[in-house]
Amino acid sequence: MRTRNQKPSLRVLALAVPAAMAAAYGMPSYAQETPAWSRAPANFAEIDVVDLSRSSVKFGEYTGVRSSGATLNGSFGMRGGDAYQEGDGIRRWEIYGTDLGLTSRSAGGTISDQGRWNFGVNLDQLRHYTSGTYQTPYTGNVGGNVFTLPNFGTVAGGNAKINLTPAQLSQFQTETISNDRNNFGMTGGLVFDRQWNIRVDVNRLEQSGAKLMGFGSAAAVAGTGNNEKTSILPMPTNFTTDTANVALNWLGEKGHATVSYYGSFFHNKYDSGVTFQTWTPIVGTTKSVFETMSTLPSNQLHQFSATGGYSLTQTTKVSGGFSYSRNTQNAPFVVDSQMMNTPAPAASLNGLVITTHADLKLTDQTTKNLTTSLGWKYDDRNNRTASNIYNFFALDGTAVPAGGHVANYPNAPFSIRKNQVELAGDYRLDARQKVRVAFNHDEISRRCNDYATGGGIPAYAPGTDCVTSPNTKEDKVSALYRVKAMEALTLNAGYSFSNRRSDRDLNARPPFVGTDGNTTAATIAAAPPGITGLNGSEFIGFNQWFLASRKQNAVKVGANWDATERLSFGATGRATIDNYDTTYGIQRGRSWSANLDSTYVYRENGSFSAFVTEQQRIRQQTDVARSPVSAPTATVP
């Protein structure tokens with residue numbers, strides 16, 4: 001965040017003071033006719049020296065000043081145009097620059113013809129230092145995507161303690177880890193007439209540098225994943241993001257509308273991954289291998305939207321909006337041959353997500369004291385990405401052929417759809433009292449389209465889902481009362497009742513399945529890979545509390561008291577009673593919370609705040625215990 005202050009010149013201040021005194025005391029003023037120069041913009045230029053007593057990466061984390069010594073810095077601002085001084089036009093221009101000697105510099109300029117058109121450009125830079133003491137034996141440029149160990153050799157020892165030789169210790173070197181951000185933008189607008197105008201904004205964000213990240217390696221016989229080790233390497237951040245926003249606006253006597261397009265184009269220079277040499281040898285040899293770590297894939301987003309509002313009558317208004325977007329990602333997979341058991345069933349994700357939004361709201365000032373509203377909102381995130389099963393070796397330390405390394409996991413293209421309806425009324429009892437009553441109906445649908453039915457072995461049966469609670473409906477009735485008891489004291493109290501109903505898919509399977517809670521150990525061992533994990537790998541009858549059917553009663557109260565102009569107090573309290581409809585898991589719950597806070601303003605731009613909070617939550621639940629050789633049993637604590 002940057003703040004640019006423009007101070008009035010001394011001569012303008014010298015003129016303003018006597019003029020104000022003359023107006024206040026009836027004295028004759030010799031400044032009734034303001035000279036032309038006083039209407040000129042306040043231009044400025046400043047040069048300063050920033051001195052750091054000693055080097056500090058933390059001090060320069062966002063300022064760019066990390067090395068000791070003096071740094072020359074400067075800022076300027078200039079404005080002009082025929083709208084100033086004796087000019088009778090409406091054209092203005094401005095150029096500015098801030099912190100030009102630092103890596104947190106910014107500059108830009110604007111020119112406009114008021115009410116007709118405008119154009120502007122801006123440039124800002126920022127360097128973020130994260131570490132100045134990072135040491136590594138790897139050779140490779142920070143910000144690059146290839147790291148090798150040409151003179152380090154390999155280190156054996158499995159999971160035992162490893163002692164590096166003096167020669168290996170001498171290979172360590174210190175690197176400074178940082179990221180640079182260069183942001184360039186242009187904006188413009190054109191006014192056609194009193195009703196129509198268009199606005200265009202484009203921006204390019206360039207990011208370079210690196211961030212430290214753990215790289216796991218599995219150098220072993222036939223790529224089985226044994227003898228895993230971890231290296232901390234600089235993950236490159238060589239990104240470019242281009243965005244564009246175009247909006248056409250209309251303004252009428254009774255309505256307004258906007259039609260717009262937004263596009264985002266993200267490109268990763270190193271979306272082919274990071275190649276690094278492992279420092280553990282292949283079992284039975286002294287030879288290390290090269291492995292690959294995936295990076296962020298390039299992607300695109302296109303969104304079209306329309307919003308508007310219209311006054312049907314003097315008391316009734318309608319407003320709404322619609323948007324449609326396509327998010328695509330089709331970068332080639334970064335495949336590490338050491339980790340794949342069988343070839344990937346697809347060369348790329350070919351990801352596609354369609355997002356649709358619509359909303360509509362009708363507001364009516366029914367009477368002087370009563371306002372009613374009816375609103376509807378629709379959101380659909382439809383993930384149309386193909387779902388395949390990938391067969392690879394997991395870094396879990398279990399040797400083959402025991403099977404601990406082999407994994408058959410599908411990608412889960414999760415989709416969610418929401419429908420929300422609200423009917424509300426606000427009634428003013430008198431000048432001090434208000435009441436709000438509302439009814440809300442929410443419907444949520446969760447799904448994975450064509451889950452694990454693409455390539456890979458074995459495929460799931462058509463209709464298999466990845467979520468245990470595909471659909472949820474909830475009705476909620478709430479009431480809120482507010483009263484201004486005294487000039488400085490406001491009180492409020494509210495009550496709500498909600499009824500949530502969720503259905504269940506007992507055959508749902510999560511993407512990552514460990515042990516299946518629905519079968520015995522013998523059944524799991526005999527089952528083919530990929531068919532376990534029913535009921536989301538939980539016992540049939542269990543449901544997560546945040547998705548389970550539930551009835552809730554909630555009460556809340558609050559008070560705000562302005563004791564003085566500088567001192568204020570606030571107090572809030574809330575209590576809930578929950579009842580869940582589940583066989584296993586949480587059955588009932590109670591909770592309450594109380595909060596007291598205070599703020600004291602000791603000067604115009606300074607304040608002191610203090611608060612105390614206490615909360616309590618009690619839940620009653622059933623539990624399940626299962627022996628590998630016995631049937632499940634349920635217990636109630």
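The values are calculated or read from the model by the stated rules, or taken from the named source; none is laboratory data. Keep in mind it's a predicted model, so treat the numbers as computed, not measured. Here the Cβ is made from the backbone with ideal geometry for all residues, glycine too, and neighbour counts use every protein chain on show. Accessible surface areas use protein heavy atoms only, side chains included; no ligands, DNA or RNA. Shrake-Rupley method; radii C 1.70, N 1.55, O 1.52, S 1.80 Å.
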Could you state the accessible area per residue of region 45-132 in Å², with a 1.4 Å probe and every protein chain left in place? 58
List the lysines whose alpha-carbon lies under 16 Å from that of residue 269, not counting same-chain residues fewer than 8 positions away? 211
Just to make sure I understand: if all protein chains stay in place, what is the order of 447, 54, 417, 588 by accessible area at 1.4 Å, largest first? 54, 588, 417, 447
Expressed in square angstrom to the nearest 10, the accessible area of residue 486 with a 1.4 Å probe stands at 110
Ranked from the most accessible area to the least, with a 1.4 Å probe and all protein chains present, what is the order of 254, 484? 254, 484
Pulled fully out, how much extra length does the chain show between residue 439 and residue 57, if you take 0.36 nm times their separation in residues and subtract their Cα-Cα distance? 132.1 nm
Between residue 593 and residue 88, the FRET efficiency computed from the C-beta separation at R0 = 51 Å comes out, to the nearest 0.05, as 0.20
Roll a 1.4 angstrom probe over the protein heavy atoms and tell me the percent of accessible area of region 549-609 that is carbon or sulfur. 51
Treating only Lys and Arg (+1) and Asp and Glu (-1) as charged, each at its beta carbon, one finds that region 162-217 has a dipole about its Cα centre, in Debye to the nearest 20, of 160
Quick one: ranking 62, 584 by accessible area, 1.4 Å probe, largest first, what do you get? 62, 584
Highest mean first, what order results for 319-330, 606-617 on Cβ atoms within 10 Å? 319-330, 606-617
With every protein chain left in place, what is the accessible area of residue 599 in Å² (1.4 Å probe, nearest 10)? 40
Straight-line reach from residue 556: which lysines fall under 21 Å, measuring Cα to Cα and dropping same-chain residues less than 8 apart? 434, 476, 484
Note to self: with every protein chain in place and a 1.4 Å probe, region 420-485 gives an accessible area per residue in Å² of 54
Using Cα positions and a limit of under 18 Å, work out the lysines in reach of residue 254, with same-chain residues fewer than 8 apart set aside. 317, 361
extent check for region 78-155: Cα max minus min per principal axis, descending, whole Å, gives 79, 22, 14
Taking θ = phi - 60°, what integer Hz values does the Karplus form 6.51 cos²θ - 1.76 cosθ + 1.60 yield along region 208-213, in sequence order, with x for Gly and Pro? 9, x, 7, 10, 5, 8
So, taking all protein chains as they sit and a 1.4 Å probe, how much accessible area belongs to residue 534, in Å² rounded to tens? 50
Could you please state how large a percent of the accessible area of region 60-101 is carbon and sulfur, counting protein chains only and using a 1.4 Å probe? 49
Could you quote the convex hull projected area for region 42-178, Cα atoms only and averaged over all directions, in nm²? 14.1
Region 228-369, accessible surface, carbon-and-sulfur percent (1.4 angstrom probe): 59
